[in-house]
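Reading through the structure tokens given below for one structure.
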Amino acid sequence: MNWIDRARCVLDGEALTPEEAQRVLETGDDDLLEVLQAAYLVRHRHHGRRVRLHVLRNAKSGACPEDCSFCSQSVKFPAPVERYGMQTVEELVAGAERAAASGAVTYCMVTSTTGPSARELETVCEATRVIKERWGLRVCASLGMLDDGAATRLAEAGVDRYNHNLETSSSYFSSVVSTHAWRDRADTVRRARAAGMEACCGGIVGLGESLDDRVRLACELRELGVESIPVNFLDPREGTPLGDRERLRPTTRCAPSRWCASSTIARSTCAWRAGARSCSGRCSRSRSGRRTRCSPRVT
């Protein structure tokens, strides 16, 4: 297949088929540069060469009752992570100040939880109002599953975007999570968008899923109409059921997300130290804010 020609067809409005998306994933290293150039054509049309820096603040750590087998934040696994309750409005605002000073355009508050309690929801809403007034940063929240009322309150407080990843395809999800369903996650994304927030929703590659599952996930994200797609690669965490998995090379694995949802923001994530000049390549965050997580690249 001529990938450059196929990219031009996508730019003309012709959707990539699931079969074509799978062929991208099956592409060998010899064709890697052509696939990347084709994906870049799509990216450049919609986003140019801009790179946006997003900073994520871990507002509540190690307290999630869910059993996502890839996640060290679950209380069900003996992973060596910091465990602390919900941070205060003042702590969250201080994190936003550091993010603004570092050149970030978006600040995201993240909690390890099934969904926000009333107190946690009000803390995030109040922090959002202060952050908007002082620095005008775009604000993202990732607080687990939402009902309609919680989604509305976040939107009214000024939260611009809500993050809730599907993680993997609907057909593979039950292989890695048993305490809730894929549909629960998709419904939260729909509620966030219905309340007026943008949706940041993607998944993780390397959970043991098949190539067909990766293609299915890309198509399901397209159907949800999300505005931003984080493409994460499993970083196996000690103490979790997937802690012994092999790390995958990114190569062409991001390309289907770019082509299946051509106008969305496709994002890779890594960890960094506030004020550092380069990313470290690991995903870890600390309560102090000295080490946090960023999303530095649009692909």
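I'd like the residue in the range 44-84 that is among the basic types (Lys, Arg) and surrounded by fewer than 21 Cβ atoms within 10 Å (Cβ to Cβ) and, out of all such residues, is farthest from residue 5 (Cα to Cα).
Of all residues in the range 44-84, those among the basic types (Lys, Arg) come to 45, 49-50, 52, 57, 60, 76, 83.
Remaining after also requiring surrounded by fewer than 21 Cβ atoms within 10 Å (Cβ to Cβ): 45, 49-50, 52, 76, 83.
Working: 45: 15, 49: 21, 50: 24, 52: 28, 76: 49, 83: 50 Å.
Among those that are among the basic types (Lys, Arg) and surrounded by fewer than 21 Cβ atoms within 10 Å (Cβ to Cβ), it is 83.
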Could you tell me whether any residue of the range 28-42 is hydroxyl-bearing (Ser, Thr, Tyr) and out of contact with any Lys or Arg (no Cβ under 9 Å at 6 or more places or on another chain)? no
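Pull up the range 232-245, narrow it to residues that are within 15 Å of the chain's Cα centre (by Cα) and more than 22 Å from residue 139 (Cβ to Cβ), then point me to the one that is surrounded by the fewest Cβ atoms within 10 Å (Cβ to Cβ). Spell out the reasoning first.
Of the range 232-245, the ones within 15 Å of the chain's Cα centre (by Cα) are 232-235.
This time we only want the ones that are more than 22 Å from residue 139 (Cβ to Cβ), so: 233-235.
Values: 233: 17, 234: 19, 235: 19.
Taking the candidates together, the pick is 233.
Please tell me if residue 157 is over 21 Å from residue 105 (Cα atoms) and surrounded by fewer than 22 Cβ atoms within 10 Å (Cβ to Cβ). If you could, list the steps in order and put the result at the bottom.
Working: over 21 Å from residue 105 (Cα atoms): no; surrounded by fewer than 22 Cβ atoms within 10 Å (Cβ to Cβ): yes.
Criteria not met by residue 157.
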Only residues that are part of a loop (DSSP other than H, G, I, E, B) and either among the hydroxyl-bearing types (Ser, Thr, Tyr) or over 21 Å from residue 164 (Cβ atoms) (or both): list them for the range 86-97, please. 88
What about residue 223, is it surrounded by fewer than 20 Cβ atoms within 10 Å (Cβ to Cβ), modelled with pLDDT under 95 and not in a loop (DSSP other than H, G, I, E, B)? yes
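Out of the residues in the range 94-112 meeting the condition of being of a type in the set (Val, Ile, Thr) and out of contact with any Asp or Glu (no Cβ under 9 Å at 6 or more places or on another chain), tell me which one is surrounded by the most Cβ atoms within 10 Å (Cβ to Cβ). Break it down into steps so the answer makes sense when it comes.
Taking the range 94-112 first, the residues of a type in the set (Val, Ile, Thr) are 105-106, 110-111.
Those still in the list that are out of contact with any Asp or Glu (no Cβ under 9 Å at 6 or more places or on another chain) too: 105, 110.
Numbers: 105: 14, 110: 21.
Among those that are of a type in the set (Val, Ile, Thr) and out of contact with any Asp or Glu (no Cβ under 9 Å at 6 or more places or on another chain), it is 110.
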Qualifying position, being modelled with pLDDT of 95 or more and either over 30 Å from residue 184 (Cβ atoms) or not small (Gly, Ala, Ser) (or both), among 105, 130, 81: 130
Long-range neighbours under 8 Å by Cβ, at least six apart or interchain, first residue closer than 11 Å to residue 86 by Cα within the range 109-131, second surrounded by fewer than 21 Cβ atoms within 10 Å (Cβ to Cβ) and of a type in the set (Val, Ile, Thr): 120/113; 123/88; 123/89
Taking only the range 4-35 into account, find how many residues are over 16 Å from residue 218 (Cβ atoms) and in contact with a Leu (Cβ under 9 Å, 6 or more places away or on another chain). 4
Can you give me the number of residues within the range 16-33 that are in contact with a Phe, Trp or Tyr (Cβ under 9 Å, 6 or more places away or on another chain) and either surrounded by fewer than 16 Cβ atoms within 10 Å (Cβ to Cβ) or of a type in the set (S, T, N, Q) (or both)? 2
Could you list all residues from the range 1-54 that are over 30 Å from residue 103 (Cα atoms), among the β-branched types (Val, Ile, Thr) and either part of a helix (DSSP H, G or I) or without any contact (Cβ under 8 Å) to a residue 60 or more places away in the chain (or both)? 4, 10, 17, 24, 35
The range 47-95: number of residues that are among the aliphatic types (A, V, I, L, M) and within 19 Å of the chain's Cα centre (by Cα): 5
Report the residue count in the range 165-193 for those that are loosely packed, with under 15 Cβ neighbours inside 10 Å and under 13 Å from residue 210 (Cα atoms). 1
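The values are calculated or read from the model by the stated rules, or taken from the named source; none is laboratory data. What you see is a predicted model, and the numbers here were worked out from it, not measured in a lab. Don't worry about glycine lacking a Cβ; one is built from the backbone with ideal geometry, like all the others, and counts go over all protein chains shown.
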